[in-house]
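**Student:** Structure provided below as C-alpha cells; questions to follow.
The values are calculated or read from the model by the stated rules, or taken from the named source; none is laboratory data. All of these numbers come straight from a predicted model, not from anything done at the bench. Don't worry about glycine lacking a Cβ; one is built from the backbone with ideal geometry, like all the others, and counts go over all protein chains shown.
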Amino acid sequence: MPFASDKEAADALAAAYQKLRQEIGKVIIGQEDVVELVLTAVFSQGHCLLVGVPGLAKTLLIQTIADSLDLSFNRVQFTPDLMPSDIVGSETLNKDRDFHFVPGPIFANIVLADEINRTPPKTQAALLESMQEYAVTVAGKRYTLPRPFFVLATQNPIEQEGTYPLPEAQLDRFMFNIELDYPSYEAELQIVKNTTSNHKATVNKILHADEIQAFQQLVRRVPVADNVVEYAVSLVHKTRPNTARAAARATQLLEWGAGPRASQHLIVGAKCHALIHGKYSPDIEDVQAVALPILRHRLVRNFKAEAEGITVDQLVKELL
C-alpha cells in the first residue's frame, strides 16, 4: 500500500477510520467513544481492557471490529480452572512418537480474553509475555505470534466470589482501560428493535493486516512538538506522590502514580488521535483526549481517597 507521502497516508488513515466507524455502527449502536478508543489502540499497537457490567455487547464489539479489519480472531473464555497451556498451546506426542507443538488460541491477530479476572494469576500471566514480546515460550522454544497482534480483554466490575483482580504489572501492559456505560434510552430502543427481529447487518472488510501495519508505522513517524511531550511527561509526574513534581492532591490521595509506560502511551495515543481526526501532528488537546483511559488503571488510591469516596477518574480530571 505505497503512498507518495506521509501526508497522503495520514489522509488515507483518517478516511479508513471514518469507514470503519460506519461499518461497526451497523452492529454496535451508540458507544462511539469506546469504538474510537479501541481503534486508536489498534493503530497505536496497544492492548485494551474493557470494563462493564454484563450485557453491554463488549464481546460483540470486539468481534465486529475484527470482522471489519479482516483479521483472524479467537475468543478465550477465562474460568477458574483455565491453565496457561489452554491459552498458549502445548507439546503433544504424534503417531511417530515425536513431540510437536499444537498452537493455542493466542495465535491470532485479535485475541479476546473474556472475563479475564475470573482466572487465577498463573493463567493471567500467560498473557504477559505475548502482550509485551509478541511471542510465547513453550518447553524452552520461542514461537512468534502473527502480526498485527492485539489482546482485548473484558472484565466484569461487579464484585463476585471467585474473581482474581489483575496484578498492577499486568494492568500496566494495557494501553487503555475503557469503561462501558449503559446505553441511552434512544440507543437501547434501537438495540432492542435490531436484535429482536430478522435484521442481520453485514460488516464489510475495510482494512487488511498489511495496511494496518503500515498505518501503525505511520503513527510512529508523526512529528510531535516539544511542548506536547513536556505536557504529557509533566502530567504523569504529577500523579507520583511525594516526588518533586507531584501535585498536592496526588500526594494526599494516591499510594502509587503512573510509570514511564503511561508517558509513552500518552504520546503515541495523542499521535493517533490527531491523525484519525484529520490533523498531521498532535497538540495538548489530543493528549488530554486519551489521558483518562491511559491513567485510570495506573493510579492506586490510598486509604484516605477510598474513605472519602474519591475515584481515580475524579483525580485524573482534576490533574487535567
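**Student:** Would you be able to tell me the number of residues in the stretch 255-274 that are part of a helix (DSSP H, G or I) and touching an Asp or Glu at 6+ places or on another chain (Cβ under 9 Å)?
**Tutor:** Start the filter on the stretch 255-274 by keeping residues that are part of a helix (DSSP H, G or I), which leaves 260-274.
From what is left, the residues that are touching an Asp or Glu at 6+ places or on another chain (Cβ under 9 Å) are 261-262, 269-274.
Residues that pass the stated criteria total 8.
**Student:** Scanning for something in the same structural domain as SER72 (by TED's automatic domain parsing), outside any loop (DSSP other than H, G, I, E, B) and touching a Lys or Arg at 6+ places or on another chain (Cβ under 7 Å), does the stretch 178-197 turn up at least one residue?
**Tutor:** For the stretch 178-197, residues in the same structural domain as SER72 (by TED's automatic domain parsing), outside any loop (DSSP other than H, G, I, E, B) and touching a Lys or Arg at 6+ places or on another chain (Cβ under 7 Å): absent.
**Student:** Here's something else I'd like to know. With the requirement that a residue be assigned to a loop (DSSP other than H, G, I, E, B), under 25 Å from LYS7 (Cβ atoms) and in contact (Cβ under 8 Å) with a residue 40 or more places away in the chain, what does the stretch 279-301 give you?
**Tutor:** Taking the stretch 279-301 and keeping what is assigned to a loop (DSSP other than H, G, I, E, B), we get 279-283, 296-299.
When the remaining residues are screened for being under 25 Å from LYS7 (Cβ atoms), the result is 279-283.
Scanning the stretch 279-301 gives TYR280, SER281, PRO282, ASP283.
This table checks each residue for (1) over 22 Å from ASP67 (Cα atoms); (2) loosely packed, with under 12 Cβ neighbours inside 10 Å; (3) at pLDDT 80 or above; (4) not basic (Lys, Arg).
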position	(1), (2), (3), (4)
ILE110	no, no, yes, yes
VAL136	yes, no, yes, yes
PRO146	no, no, yes, yes
TYR182	yes, no, yes, yes
GLU186	yes, yes, yes, yes
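**Student:** Is at least one residue of the stretch 28-46 modelled with pLDDT under 90, farther than 26 Å from ASN117 by Cβ and of a type in the set (A, V, I, L, M)?
**Tutor:** There is at least one residue in the stretch 28-46 that is modelled with pLDDT under 90, farther than 26 Å from ASN117 by Cβ and of a type in the set (A, V, I, L, M).
**Student:** While we're looking at this one, here's another question. Looking at this structure, is VAL236 touching a helix residue (DSSP H, G or I) at 6+ places or on another chain (Cβ under 9 Å), outside the structural domain of VAL34 (by TED's automatic domain parsing) and surrounded by 21 or more Cβ atoms within 10 Å (Cβ to Cβ)?
**Tutor:** Details: touching a helix residue (DSSP H, G or I) at 6+ places or on another chain (Cβ under 9 Å): yes; outside the structural domain of VAL34 (by TED's automatic domain parsing): yes; surrounded by 21 or more Cβ atoms within 10 Å (Cβ to Cβ): yes.
When the stated conditions are applied, VAL236 passes them.
**Student:** Looking at (1) within 22 Å of the chain's Cα centre (by Cα); (2) in a helix (DSSP H, G or I); (3) of a type outside the set (Ser, Thr, Tyr), which one does HIS237 not meet, given that it meets all the others?
**Tutor:** So HIS237 meets the others, but not (1).
**Student:** Right, here's the next one. Using the structure shown, decide if ILE206 is within 21 Å of the chain's Cα centre (by Cα), in the same structural domain as LEU166 (by TED's automatic domain parsing) and either buried (at least 16 other Cβ atoms within 10 Å of the Cβ) or in contact (Cβ under 8 Å) with a residue 60 or more places away in the chain (or both).
**Tutor:** Working: within 21 Å of the chain's Cα centre (by Cα): yes; in the same structural domain as LEU166 (by TED's automatic domain parsing): yes; either buried (at least 16 other Cβ atoms within 10 Å of the Cβ) or in contact (Cβ under 8 Å) with a residue 60 or more places away in the chain (or both): yes.
When the stated conditions are applied, ILE206 passes them.
**Student:** Name, by its number, the condition in (1) over 29 Å from ILE206 (Cβ atoms); (2) surrounded by 17 or more Cβ atoms within 10 Å (Cβ to Cβ); (3) of a type in the set (D, E, K, R) that does not hold for ASP114.
**Tutor:** (1)
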